[in-house]
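Student: Following this message is one structure expressed as structure tokens.
The values are calculated or read from the model by the stated rules, or taken from the named source; none is laboratory data. Since the model is a prediction, treat every value here as computed from it, not as a measurement. Every residue, glycine among them, receives a Cβ derived from its backbone with ideal geometry; neighbour counts consider all protein chains shown. Side chains are part of the model used for accessible areas, which takes the heavy atoms of the whole protein and leaves out ligands, DNA and RNA. Shrake-Rupley method; radii C 1.70, N 1.55, O 1.52, S 1.80 Å.
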Amino acid sequence: MTVNPDTNEIGFIGLGIMGQSMAGHLQKAGYKLHVYNRTQSKTDELVAAGAQWHDSPGEVAANSDVVITMVGYPSDVEEVFLGSGAILDNAKEGAILIDMTTSEPSLAIKIAEAAKAKGLRSLDAPVSGGDMGAKKGTLSIMVGGEQADFDAVKPLFEIMGENIRLQGGPGAGQHTKMCNQIVVAGNMLATAEGLTYARKSGLDPANVLKSIGTGAASSFLLNGLGPKMIEGDFAPGFFVHHFIKDMTIALKEADAMGADLPGLRTAKGLYEKVADEGAREDGTQALIKAYK
Ligand code: NAP
């Protein structure tokens with residue numbers, strides 16, 4: 001089977017900053033959607049455009065050929081997949097389950113094993129590219145699971161993203177996302193420190209950004225979030241509390257592998273400091289507050 005909008009209906013659970021845009025693209029591509037979210041109002045726009053609301057993740061699964069989740073934490077993933085009356089207990093025979101949340105590799109493996117035991121198929125497929133990448137449909141999607149299952153749902157990934165890669169078996173997508181978050185952590189630290197230096201030295205940080213934003217220091221994060229750090233615009237694209245979750249997972253996995261990542265530990269400590277001082281629900285550019 002390869003998914004297509006004439007024969008397959010899609011379940012989507014978790015319609016927050018990322019999920020709303022991602023599900024919206026699938027809907028515009030012609031897929032009938034079945035939706036559930038903890039806060040129902042966040043599905044209003046999709047429902048007004050034809051999606052069907054259900055009262056539980058299990059009900060979504062019972063009506064869908066492919067079920068996609070984009071919730072917050074590993075505990076949320078566990079609840080919607082493995083809770084009583086949740087996805088695994090209700091999915092249609094042969095359904096493909098795709099978790100796109102940033103979550104734990106070990107949980108992805110646990111879900112894949114539980115799914116297989118029930119004749120279901122599962123992929124872990126976290127994303128990178130931020131809220132703008134989700135809005136534009138340009139996400140990088142890093143996938144773990146079986147090749148045949150990846151091939152079957154690749155048309156869905158191609159609607160939501162541009163760089164789509166199978167990285168290995170169950171959990172490989174989440175491990176790849178951890179690599180991504182480790183690089184993001186270093187980048188965020190470097191951006192905040194470069195801009196702090198610019199300010200302290202009496203330069204105009206916005207003008208400095210124009211110079212360094214195209215040289216060897218250039219990056220997606222420097223150019224995307226640097227201006228927000230300078231302007232003090234802390235509206236969330238990616239929540240501080242979600243990034244702390246990611247760094248916690250990456251450090252736990254690194255410890256288990258015997259990899260020492262002192263830069264990541266430093267970034268996590270600074271993010272925890274700004275979160276404790278009230279920036280939990282800010283966007284990750286709020287790291288600059290640690291330098292004020
Ligand atoms: P978000 O806005 O908080 O969206 C998550 C949504 O899932 C929320 O609407 C939440 O409901 C819902 N949810 C959580 N637990 C649930 C449950 N047990 N049952 C039903 N619904 C549940 O966060 P987001 O920014 O879209 O991020 C989602 C995931 O993607 C996170 O793991 C994050 O780390 C990752 N991610 C985010 C970005 C980004 O730039 N934002 C980029 C890449 C990856 P409520 O509305 O009630 O809270």
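Student: What net charge do the residues around Ser56 carry, taking every other residue with its C-beta under 12 Å from that of Ser56, with Lys and Arg at +1 and Asp and Glu at -1?
Tutor: Values: positive: Arg38; negative: Asp55, Glu59, Glu79, Asp89.
Local charge sum for Ser56: -3.
Student: Still on this structure, please answer the following. Would you calculate the separation in nanometres between label points at Ala148 and Ala114, each defined as 7 Å from the Cα along the Cα-to-beta-carbon direction?
Tutor: If labels sit at Ala148 and Ala114, their model points lie 2.4 nm apart.
Student: Working from the pairwise distances between different alpha carbons, so that the mean of 1/r is found and then inverted, what is segment 176-291's Kirkwood radius in Å?
Tutor: 14.5
Student: Okay, next question. As an exercise, take the mean of 1/r over every pair of distinct alpha carbons in the chain, invert it, and state the Kirkwood radius in angstroms. Numbers along the way, then the final one.
Tutor: Details: mean 1/r = 0.0507 Å⁻¹.
Mean inverse Cα-Cα distance, inverted, gives 19.7 Å.
Student: Right, here's the next one. Quote the charge dipole size of segment 176-291 about the Cα centre in Debye, to the nearest 20; the model charges only the Cβ of Lys and Arg (+1) and of Asp and Glu (-1).
Tutor: 140
Student: Let me ask something else. Over the heavy atoms of Asp131, what accessible area does a 1.4 Å probe trace out, to the nearest 10 Å²?
Tutor: Here the residue's solvent-accessible area equals roughly 40 Å².
Student: For Asp149, Asp65, Asp233, write out the residues from largest to smallest accessible area, computed with a 1.4 angstrom probe and no ligands counted. Present the calculation step by step, with values, prior to reporting the outcome.
Tutor: Values: Asp149 15, Asp65 35, Asp233 55 Å².
So the residues, ranked largest to smallest area, are Asp233, Asp65, Asp149.
Student: Could you tell me the relative contact order of the chain? Use alpha-carbon pairs under 8 Å, at least six residues apart, and round to a whole percent.
Tutor: Rounded, it is 14 percent for the chain.
Student: Something else: Given a cut-off of 19 Å, name the pairs among Lys118/Lys177; Lys268/Lys292; Lys200/Lys273 whose C-alpha atoms lie farther apart than that in the structure shown. Intermediate results must be reported in sequence, preceding the final value.
Tutor: Values: Lys118/Lys177 27 Å; Lys268/Lys292 17 Å; Lys200/Lys273 21 Å.
Going by Cα-Cα distance, Lys118/Lys177; Lys200/Lys273 fall outside the 19 Å limit.
Student: Tilt of helix 17-28 relative to the longest C-alpha principal axis of the chain, in degrees (0 to 90, nearest 10)?
Tutor: Taking the Cα atoms of the chain, the angle to 17-28 is about 50 degrees.
Student: Can you work out ³J(HN,Hα) from phi for every residue in segment 9-14, in order, using Karplus 6.51 cos²θ - 1.76 cosθ + 1.60 and θ = phi - 60°, giving whole Hz and x for Gly and Pro?
Tutor: Taking θ as phi minus 60°, the curve returns 10, 10, x, 9, 10, x Hz for segment 9-14.
Student: Once Lys and Arg get +1 and Asp and Glu get -1 on their Cβ, which of Thr69, Ala216, Thr101 lies farthest toward the positive end of the dipole of the chain?
Tutor: Positive-end residue among those listed: Ala216.
Student: Moving to a separate point now. Where nothing but the Cβ of Lys and Arg (+1) and of Asp and Glu (-1) is charged, how large is the charge dipole of the chain around its Cα centre, in debye to the nearest 20?
Tutor: That gives the chain a dipole magnitude of about 800 debye.
Student: Moving to a separate point now. Can you give me the long-range amide H partners of Leu123? Hydrogens built in the peptide plane at 1.01 Å from N, cutoff under 5 Å, separation of 5 or more residues or another chain.
Tutor: Leu97, Ile98, Asp99
Student: Say the dipole of segment 176-291 comes from +1 at the beta carbon of Lys and Arg and -1 at that of Asp and Glu; which of Gly232, Thr284, Leu195 then lies farthest toward its positive end?
Tutor: Leu195
Student: Quick check on the chain: of the DSSP beta bridges with both residues there, what percent are antiparallel, nearest 5%?
Tutor: 15
Student: Further, regarding this structure: Please list, in order along segment 281-292, the HN-Hα scalar couplings obtained from phi with the Karplus expression 6.51 cos²θ - 1.76 cosθ + 1.60 (θ = phi - 60°), rounded to whole Hz, x for Gly and Pro.
Tutor: Whole-Hz 3J(HN,Hα) from phi for segment 281-292: 9, 6, x, 5, 5, 5, 4, 4, 4, 5, 10, 7.
Student: OK, next. How many nm is it between the label spots at Tyr197 and His241, if each spot is 7 Å from the Cα in line with the beta carbon?
Tutor: Modelled inter-label distance: 3.4 nm.
Student: Segment 9-169: percent of C-alpha pairs farther apart than 26 Å?
Tutor: Everything past 26 Å amounts to 15 percent.
Student: Just to confirm the filter: which GluC sites (Glu not before Pro) across segment 90-174 are DSSP coil and have at most 14 other Cβ within 10 angstrom of their Cβ?
Tutor: Values: sites: Glu93, Glu113, Glu146, Glu158, Glu162; in loops: Glu93, Glu146.
Loop-located and lightly packed - Glu93.
Student: Helix 220-231 versus the longest principal axis of the chain: what angle, 0 to 90°, nearest 10, using Cα atoms?
Tutor: That works out to roughly 60 degrees.
Student: Scan around Trp53 for amide H atoms under 5 Å from its own, H built in the peptide plane at 1.01 Å from N, and keep only partners 5 or more places away or cross-chain.
Tutor: Val35
Student: Oh, and also: Report Leu261's accessible area, 1.4 Å probe, all protein chains in place, as a number in Å² to the nearest 10.
Tutor: Using a 1.4 Å probe on the heavy atoms, I get roughly 50 Å².
Student: Run the reach check for Lys42 against lysines, Cα to Cα strictly under 25 Å, same-chain hits fewer than 8 apart removed. What comes back?
Tutor: Within reach: Lys28, Lys32, Lys135, Lys136, Lys245.
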